[in-house]
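Worksheet: one structure, shown below.
The numbers here are math on the coordinates, done by the rules we state, and not lab data. The shown structure was predicted, so the numbers you read here are calculated from the model rather than taken from an experiment. Virtual Cβ from ideal backbone geometry, glycine too; neighbours counted across all protein chains shown.
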Amino acid sequence: MYIFYNNRHPAEMGKLEMEQFLTYLAVERNLASSTQSQTLAALLFMYKEVLQMEPP
């Protein structure tokens, strides 16, 4: 997501950016639903545990 948004820090992004990124992965990259779920789990982990903030 960091590179997808031209090196913006995840703390500066909100729900819309997260939704756009996940939609991009599903539509443009044709990821399987299990991979999309794993990506969402990783993003939530990053916000909660690494950035220590509530996810958007």
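What's the angle, to the nearest 10 degrees (0 to 90), between helix 15-27's Cα axis and the longest principal axis of the chain? So the inclination is approximately 20 degrees. Label positions at THR23 and LEU51, each projected 7 Å from the Cα along the C-beta direction, are separated by 1.9 nm.
Relative to the dominant Cα principal axis of the chain, helix 33-45 is inclined by about 0°. For the chain, the 222 nm mean residue ellipticity estimated from helices alone, with every DSSP H stretch of n ≥ 4 adding -39500 (n - 2.57) and the total spread over all residues, rounds to -14500 deg cm²/dmol. Tell me which label goes with the value of Rg and Dmax of the Cα atoms in Å computed from the coordinates here: (1) 13.0, 45; (2) 11.0, 31; (3) 16.4, 48. So the structure-derived entry is (2). Between LEU40 and ARG8, full extension at 0.36 nm per residue minus the direct alpha carbon distance yields a gain of 9.7 nm.
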